[in-house]
Amino acid sequence: MTLALSFLVVAALAGSLPAQTLNEVVAVGYQQYVPSVVVPGQVVTLFVRSLNVQDADAGVLPLPTSLSGVKVRISIPGTPAGYPTFLPIFKIRSLDFCAQRLSVACPATQITVQIPTEPTCVPNGLPNACDFNVDIGTTLNVEVNGNPGQDFAVRLGSASPHILNYCDTVSGTPGGCWPMVTHTDGRGVNPYQAARPGEQLSVWVTGLGPTVPSVKTGDPAPSPAPAAVYKPNFVLSYGVPVPATDGGLGMLVFVPVEVAIAPSFAGLAPNYVGLYQINIRLPDTVPLQARTAAGTISTAQLGLSSSGQIIEQVEVYIRSEERRVGKEGRSR
């Protein structure tokens, strides 16, 4: 399966800095989504002001740590020997593409990088000594031809999954903002290519965290695919039309399916860097109250959940089952 993907890291908006600050990182994220933390192996985009460099693509694997004279230094206190000093870079783009998407000044240079996969501590023999749930203070710094810029603070956590979409800077294919939920043949699930009840789908995410086995920073995932340590569940909710009592347009009320969807696989996609694939199977039937006429599309929400809490929801489109009509003309 081929997906035109490159990836980005986003953390939080930087505080107010002098207008003339060089190499100023103002945000880390995905255009429309800003995670609260970054995690090992996550691909994100740095949005940088006052950066006058040529656009570039890595073009090779493993990914290089320098493009167009740009390096991104990562600093974490107390990391063991061998922890990466510079982040691998996918691409560099300078364009006015952040207007009305993130609260940062435009134009900005986008630098797509990967957060290191390597452990940040040395095990001491105690259980969970290097537990990835530890919240660690981290700084990123963009250097140009050896000249450092302003430090940008982020938090390093355990897992911060984000369901990618085609508007994300990581997708490489700006257009309709459908989430990256695909059929087994690679076609996207959208109103024109709706899914069917009982169908196997793939959900494409970044920020799922550590895998077994681990993969070196900047390297593509091998085959067979490394499995993710963190495996989220999904909650599916169908939109049920509720007519307006005053003759208006009415609204959709989303009613969740009672049984959570457990992935059959969650892990890295072979031959890609930092891209995770989660395979799920939709329920076999559409709830009676959400069914529409044969051949029409039901709007649903797919929610990524952890410990009973929904982290993120995206809309998906599922072809409705045909209504069975009895002799009296009423729907069964």
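A few points about this structure:
- Estimated distance in nm for a label pair at residue 284 and residue 199, the labels positioned 7 Å out from Cα along Cα-to-Cβ: 1.9
- Take the Cα of residue 253, step 7 Å toward its Cβ, do the same at residue 60, and the gap between the two points is 6.1 nm.
- When you count the other C-beta atoms within 10 angstrom of each residue and take the mean per peptide, 51-61, 222-232 line up highest first as 222-232, 51-61.
- Extension gain from residue 158 to residue 135, taking 0.36 nm per residue of separation minus the Cα-Cα distance: 7.5 nm
- The gain in end-to-end length when the residue 81 to residue 219 segment is fully stretched comes to 47.8 nm, 0.36 nm per residue minus the alpha carbon separation.
- Nitroxide proxy distance, nm - points 7 Å out along Cα→Cβ at residue 68 and residue 93: 1.2
- Pairs of Cα atoms farther than 20 Å apart, the range 168-273, %: 56
- Cα-based Rg of the range 179-225 normalised by 2.2 N^0.38 Å, two decimals: 1.49
The numbers here are math on the coordinates, done by the rules we state, and not lab data. Values in this document were obtained by computation on a predicted structure and should not be read as measured data. When we count neighbours, we look across all protein chains shown, and the Cβ atoms used for this are built from the backbone with ideal geometry, even at glycine.
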